[in-house]
1. Assuming 0.36 nm per residue, please report the length gained on full extension of the stretch Lys130 to Asp81 beyond their Cα-Cα distance.
2. Along its principal axes, what span do the Cα atoms of the chain show, with the longest given first and each in whole Å?
3. Checking the table Lys2/Lys24; Lys14/Lys41; Lys2/Lys41; Lys130/Lys175 against a 23 Å threshold on Cα-Cα, which pairs fail?
4. To the nearest 500 deg cm²/dmol, what mean residue ellipticity at 222 nm is calculated for the chain from DSSP H runs of n ≥ 4 alone, each contributing -39,500 (n - 2.57), summed and divided by the residues?
5. With labels modelled as points extended 7 Å from the Cα through the Cβ direction, what inter-label distance (nm, one decimal) is found for Asp27 paired with Thr158?
6. Run the reach check for Lys154 against aspartates and glutamates, Cα to Cα strictly under 16 Å, same-chain hits fewer than 8 apart removed. What comes back?
7. Report the calculated FRET efficiency for Asp19 and Phe115 (r = Cβ-Cβ distance, R0 = 22 Å), to the nearest 0.05.
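Bear in mind these aren't lab numbers, they're just calculated from the coordinates by the rules spelled out. Keep in mind the model is a prediction, meaning the values are calculated, not measured. Glycine gets a Cβ as well: all are built from the backbone with ideal geometry, and neighbour counts include every protein chain shown.
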Amino acid sequence: MKPLKRLSRELVYKGAIIDLYRDKVQDQDGHIQDYDFIGHKGAAAVMPVTDEGKIVMVRQYRNALDRFTLEIPAGGLNGVDEPGIVCAARELEEETGYKSDELEHLITINTTIAFCNEKIEIYVARNLQKSKQNLDEGEYVDVEEYAIEELVEKVYNTEILDAKTVASIMAYYNKFGR
């Protein structure tokens, strides 16, 4: 397959989390097509595991779905050059009130490859130490603990729909949980 050629990229909207662009792309036959593209600086997430083997999850309101969701802790990088492991450690403490000096890379995903470049590096955190939850203004998070088998069941019964959380649960279960 021949590569397509991007002819232009125009910024349509600059947001706090994303930037929206309109791309003009030439296909292999010379036809010009318009594409929407969402630029994202990247993110990191973490699966905190207690000494008892429970997974620490967060329940928070998500405006896009207009409901509360059960997820692993995650957040955006402070800049494209911030290491994912630094962001994951920060989000772990901010959202759950735990710290860890033992983070291990689990998986990296691209969330919506058809129109967005968001990449999320996901880590497993062990040796959790109690710290202090430090939520952003307007952020409300409940912290809950589950066995990995309970989370896998929640994935299969569509109680958990968030892509990063589904990928993380299944990767963790296949690597460590059986």
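1. Values: separation 49, 0.36 × 49 = 17.64 nm, distance 2.84 nm.
Full extension of this stretch gives 14.8 nm more.
2. 59, 36, 32
3. Pairs exceeding 23 Å: Lys2/Lys41; Lys130/Lys175.
4. Values: 3 runs with 32 residues, N = 178.
Dividing the helical sum by the residues of the chain leaves -5500 deg cm²/dmol.
5. 3.2 nm
6. List returned: Glu71, Glu144, Glu145, Asp162.
7. Values: r = 12 Å, r/R0 = 0.56.
Between Asp19 and Phe115 the formula returns 0.95.
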